[in-house]
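Working notes, structure below.
Please treat every number below as a calculation from the coordinates, not as lab data. Just so you know, these numbers come straight off a predicted model, no measurement behind them. We place every Cβ from the backbone using ideal geometry, glycine too, and count neighbours over all the protein chains shown.
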Ligand code: NDP
């Protein structure tokens, strides 16, 4: 029996809400609060008749901390699930601390205004000190460790698929299969086709910023940064087939590098078709991926936000997308003195997801773990004071929940490795 406040009502939130409604023994009450209340009302309406979960809605600008504290104090949730955007992470964490509730999210903090001089000074120092230049990193949220610890509250960071499930796979591999892990390759394959010439599977601004940035991986505890899309491999993904994939920077590498210092190399690869890459390169070359405002006919616009207006809304891709995703981790290491390799992965079918909850597999593979992370916290299975990523808890109850709630995993003890 618990009450969850869900912030944001986009693609990922819609699935997390659907899953909370399926899991009404745990989530007896939810409040969906977002910037546009009409979206919350529409989603609430969709599930109300078929769930025992009591659903209410509210309008909130999550950047307005006093208003959010008031909403939390009025609703009195057991935890807040942040499935808005990474820009809101710190404001929502501040509100949770002030109101005394647990915090859960699916992506680490990133500033909306990357030209803010105060932020930029800290960012440039970090680029120099650590050697990776992504706009997002964990330092901002790890800085809340002491405050959450003192308040006796849990902040669970990044409980989507990647990050989220991928990091739980690492904890699970370490607990059950390895004495030491030497290498981790995280592979994210989307074999789906939505029929559009160009569209992103989740928030275009976040997605395009991520994939157009330099790639990086961790080797012997140090970051190695490479130009965007400059390391390419082919992999034959079970149930999907042969795909091109490219090395990207990805947030879980940072947390895994800190929490599993024995691992000698951690890389992340994502599949992209040639047409996607051609479109992206062209948009970048003409400045459409820029986050810096420009004047257009006397009106200030941010190019990437304008692009978002032009692109298909990821939430509308569901009925058009066919094919499967395959996301997982390939490990090498040692067990009882012998060399060992392992692949743990999930295969998710876009059309099946749409049939079940009305969303494609990208939102599904993120929304299900968001609900599971919230369940771990409110049930007390994952509850310790402080700020943690998903690799820092017992993986077993989470892995069990993945099987139960729609993301079953497969273990292959003889996978092909990525060179
Ligand atoms: P969407 O853009 O579809 O939805 C974002 C939602 O947040 C919208 O409802 C939006 O409201 C709301 N929102 C934005 N700003 C505010 C604000 N200031 N106050 C309140 N609500 C606000 O994004 P997605 O659903 O695709 O992504 C949600 C999160 O999931 C993101 O953080 C993303 O990075 C993360 N993610 C994580 C993945 C993982 O595997 N870990 C994979 C994919 C996504 P409005 O409708 O008014 O715009």
Quiz item: What FRET efficiency would be calculated for the residue pair residue 67, residue 316, taking the C-beta separation as r and a Förster radius of 41 Å, to the nearest 0.05?
Solution: 0.85
Quiz item: For the pair residue 394 and residue 233, how long in nm is the line joining their label points, each one 7 Å along Cα→Cβ?
Solution: 3.3 nm
Exercise. Pairs of Cα atoms under 8 Å, at least six residues apart: use those to get the relative contact order of the range 283-419, whole percent.
Key: 21 percent
Quiz prompt | Spherically averaged projected area in nm², based on the convex hull that wraps the Cα atoms of the chain | solution = 19.6 nm²
Quiz prompt | Pair residue 74, residue 419: separation of 7 Å Cα→Cβ label points (nm) | solution = 6.2 nm
Quiz item: Counting alpha carbon pairs within less than 8 Å and at least 6 residues apart, what relative contact order, in whole percent, applies to the chain?
Solution: 20 percent
Quiz prompt | Relative frequency of Cα-Cα separations exceeding 19 Å in the range 344-419, percent | solution = 45 percent
Quiz item: Given C-alpha coordinates of the range 162-278, what is the ratio Rg to Rh with the Kirkwood estimate of Rh?
Solution: 0.98
Exercise. Sort all Cα-Cα distances of the range 165-356 into consecutive 5 angstrom bins from zero, then give the percent of pairs in each bin up to the one containing the longest distance.
Key: 1, 7, 14, 17, 17, 16, 12, 8, 5, 2, 1, 0, 0, 0
Quiz prompt | Rounded, prolate or oblate (a/c below 1.5 giving rounded, otherwise prolate when a/b exceeds b/c) for the range 285-331 by Cα gyration tensor | solution = oblate
Quiz item: What is the Cα centroid distance between the range 65-123 and the range 183-242, reported in whole angstrom?
Solution: 27 Å
Quiz item: Using all Cα-Cα distances in the range 77-181, what percent lands in each 5 angstrom bin from 0 up to the longest?
Solution: 2, 11, 18, 19, 18, 17, 10, 4, 1, 0
Quiz item: Separation of the range 1-56 and the range 268-324 by C-alpha centroid, Å?
Solution: 29 Å
Quiz prompt | residue 305 versus residue 219: modelled label distance in nm, points set 7 Å from Cα along the beta carbon direction | solution = 4.0 nm
